[in-house]
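These notes concern the structure reproduced below.
The values are calculated or read from the model by the stated rules, or taken from the named source; none is laboratory data. Just so we're clear, the structure is a prediction, and the values are computed from it rather than from any experiment. Neighbour counts run over all protein chains shown; Cβ positions are idealised from the backbone, glycine included.
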Amino acid sequence: MPRKKNVFKHFACFFFLFPFCTSIDTIAVNQHVKDGDFIVSKENNFELGFFSPGNSSSRYVGIWYADKSEKAVVWVANRNNPINDTSGVLTINRYGKLVLYAHNTENLSIWSTNVSVQTTSTCVAQLLDTGNLVLLQDSKSESSIWQSFDYPTDTLLPGMKVGFNWKIGLEWVLTSWKSQNDPGTGNYSLRLSSNQTATVQSFLYKGLTKYWRSDPGPWPNFVSNNEEMYYFLLTDNTSVIRVLLTDYGILQHLRWKDAVNQWEELLAVPKYRCDDMDSVVPTANVALTILMSLNVSAYRGMNQNLRIIGTGEMGQTVHTELGRDLYVRVDKMELAENTRKSKGFLKSRGLLAIPMAAVALVLIIGFACWWLKKKRKMKDFVEADELEDTSTHPEMQFFHLSAIIVATDNFSPVNKLGQGGFGTVYKGQLANDQKIAVKRLAKTSGQGIEEFKNEVTLIARLQHRNLVKLLGCCIKGEERMLVLEYLPNKSLDSFLFDHTKRSLLDWKKRFEIINGVARGILYLHQDSRLRIIHRDLKTSNVLLDSEMNPKISDFGMARIFHGDQLQDTTNRVVGTYGYMPPEYVVFGRYSTKSDVFSFGIILLEIVSGKKNNGPFQEDHSINLIGHVWQLWREDRALEIVDSSLESYHSDEVMRCIQVGLLCLQEDSEDRPTMSAVVFMLSGEASLPSPQQPAFVFRKSSHVHLYSLNDLTITEVEAR
């Protein structure tokens, strides 16, 4: 059980404190790890507890090596949700979830596992000697229900994976810390190409941009089958090894050396500027090659006189100029003694002299790097503005127009699946009998090439069981098409609002759809490596697979938020009336809370089987929001339940209605986050009472939500 560091070192102490606990590597139901406590794996390899990185005062739950003088954190639970004091508590709740609470968050967790166990009284969380934190049905279970290895942060340990689990829709990705003081999701990531038919490669990204690739790299092994495709780090029984993606974008292969009591770097990539796909100027390659030999990371510019002024990735100030020799001035950095001697550099007053022969050599190397890239020897890197190139994209397949025409029978009306604001979707079948859905962008639609590029770029990088999978795209002249997985049951609205088909959705299936959509949105907002705002969530953009599982589609209007960005503003408001929140409709402001509002509408439509914009004669409301709010105030909320439902769990329905109203609060700050929504839907928290939601209109009221005073900064485009 949890122990106090430097206080309880022996098992007897733990047995005295917790007589029912037989190990210090586990957390059982109703046991707590408080800030200051920690658990340790059986062989004392790893510890789990609270820590503050660097000079930060924020508190996080993490796992680190227990027997190393240097505290190398290998995993962080609440990396994007720090605790501001020492009130944090990690425990297993009565639903079998591992949950992190803090002061004033008793009802809503800061972090929790996304699964729970069936028999909660016997479940345990155990820290293994591999560094893996697992959630087990009981202490004798051999297989885990949840494991931290499935949710890596910046470190790859032996046994961890980078790649995909196709069966459960999970992607294993390394993502850097923001900085040494902030373990939040950083700018850099290591991912595996999702194209199963092409040569498998791993890529380093900075944001959305690839800047290094490996085929597949010097250290991992590779596995590929119908369910999984991944690299993994081989176990080295003779030494302790790990792979770290630093906050400045370097992938390091490290080994612990007891003799010097520190980590030894076995390999680090990218090593040369040719590996960096951002590099297009030969002189930039030249100077970087010189600076790399001095162990300086990078710089940003060079003019025709070979004069460089810039700042390296690590903050070094770099200044060079060409004379009889090339001089490099490096501030805030001291070279190791052996480096100066082995390279034969002279050091005087902060200047490093490099012979002109070295300059000539790196000029040749730099020009060669630039020429190879210009000739597209690495042409599998297709940028967004080069999508008309038919080269193979590492994350998707490019289809010839002729293949799409054959597959869809020349876009036959018989194969038409549906039509949206930006084009028509057709069913197709490829030569290998694989069924596909083809989204054909209308030439006269509002979605231009930018929206199309946006959708291609976003969907190609998203991997989740509740998101539609992109198979590829087709670009030919003015024709732009997305090739998506085929979902035979079409969209959710085709069931909900059809008097004959709605009965096929019983309450159990509707509740599963609600939770599936919520998890999909949560992935977009928090669990993917990007924070993505969909901006057009609605029942027609929720597709259903053969088992009626929901998948969110249509990312043409989606936007990416970087870093700590919380909201943005647009002068071009696009979306669907009835699903857009007031701050977006009126002021063009959108955030994750915009999607929360849209989810609230979807939730109420699923429960009621009615459209939000339909009139409700019973209480003179002109939309579903007003109708539900009126019944809620009168304690008659269950009357909104779809009459086609023969049976349902009234407590689940009431919880859904209350969550829906909370999502529809007029002030965006009053709406819950999607992580809170998922938590509330699980029934693990007592729900706050909703206030009057936005857009509560009644036929006799003649009330407008806002007065625009004849001025507007937005152009609303309804869909």
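Of all the residues in the range 493-529, those that are closer than 20 Å to residue 418 by Cα and touching a His at 6+ places or on another chain (Cβ under 6 Å) number 0.
The residue of the range 129-171 that is farthest from the chain's Cα centre (by Cα), among those that are of a type in the set (D, E, K, R) and at pLDDT 90 or above, is 129.
Across the range 100-128, the number of residues qualifying as modelled with pLDDT of 85 or more and either more than 16 Å from residue 526 (Cβ to Cβ) or of a type in the set (Ser, Thr, Tyr) (or both) comes to 10. Checked against the criteria, residue 491 does not count as surrounded by fewer than 21 Cβ atoms within 10 Å (Cβ to Cβ) and of a type in the set (Gly, Ala, Ser).
Just so you know, in the range 503-513 the residues that are part of a helix (DSSP H, G or I) and hydrophobic (A, V, I, L, M, F, W, C) include one that is nearest to residue 680 (Cα to Cα), and it is 511. Every listed requirement among (1) among the small types (Gly, Ala, Ser); (2) at pLDDT below 90; (3) within 23 Å of residue 627 (Cβ to Cβ) is met by residue 594 save one, (2). Taking the range 63-79 as the range and being crowded, with 22+ Cβ neighbours inside 10 Å and not in a loop (DSSP other than H, G, I, E, B) as the test, the residues that pass are 63, 75, 76. Any chance the range 523-543 includes a residue that's in contact with a Pro (Cβ under 8 Å, 6 or more places away or on another chain) and modelled with pLDDT of 90 or more? Yes, the conditions are met somewhere in the range 523-543. The set of residues from the range 641-677 being among the β-branched types (Val, Ile, Thr) and assigned to a helix (DSSP H, G or I) comprises 653, 657, 659, 677.
Every residue, every condition in (1) within 21 Å of residue 463 (Cβ to Cβ); (2) outside the structural domain of residue 251 (by TED's automatic domain parsing), yes or no:
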site	(1), (2)
140	no, yes
143	no, yes
157	no, no
161	yes, no
164	yes, no
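Looking only at the range 232-251, filter to residues that are in a strand (DSSP E or B) and closer than 13 Å to residue 159 by Cβ; which one of those is farthest from the chain's Cα centre (by Cα)? The qualifying residue farthest from the chain's Cα centre (by Cα) is 241.
Might you check whether a residue that is of a type outside the set (S, T, N, Q), assigned to a helix (DSSP H, G or I), more than 20 Å from the chain's Cα centre (by Cα) and more than 26 Å from residue 175 (Cβ to Cβ) occurs anywhere in the range 514-529? Yes, the range 514-529 has at least one match.
The set of residues in the range 552-582 that are outside any loop (DSSP other than H, G, I, E, B), surrounded by fewer than 24 Cβ atoms within 10 Å (Cβ to Cβ) and at pLDDT below 80 comprises 560, 561, 567, 568, 569, 574.
Of everything in the range 476-485 that is touching a residue at least 24 places away in the same chain (Cβ under 8 Å) and surrounded by fewer than 21 Cβ atoms within 10 Å (Cβ to Cβ), the residue that is nearest to the chain's Cα centre (by Cα) is 485.
Taken over the range 224-263, the residue count meeting the criterion of being modelled with pLDDT of 85 or more and β-branched (Val, Ile, Thr) is 5. The numbered conditions (1) surrounded by 22 or more Cβ atoms within 10 Å (Cβ to Cβ); (2) more than 27 Å from residue 84 (Cβ to Cβ); (3) touching a helix residue (DSSP H, G or I) at 6+ places or on another chain (Cβ under 9 Å) are all true for residue 163 except (3).
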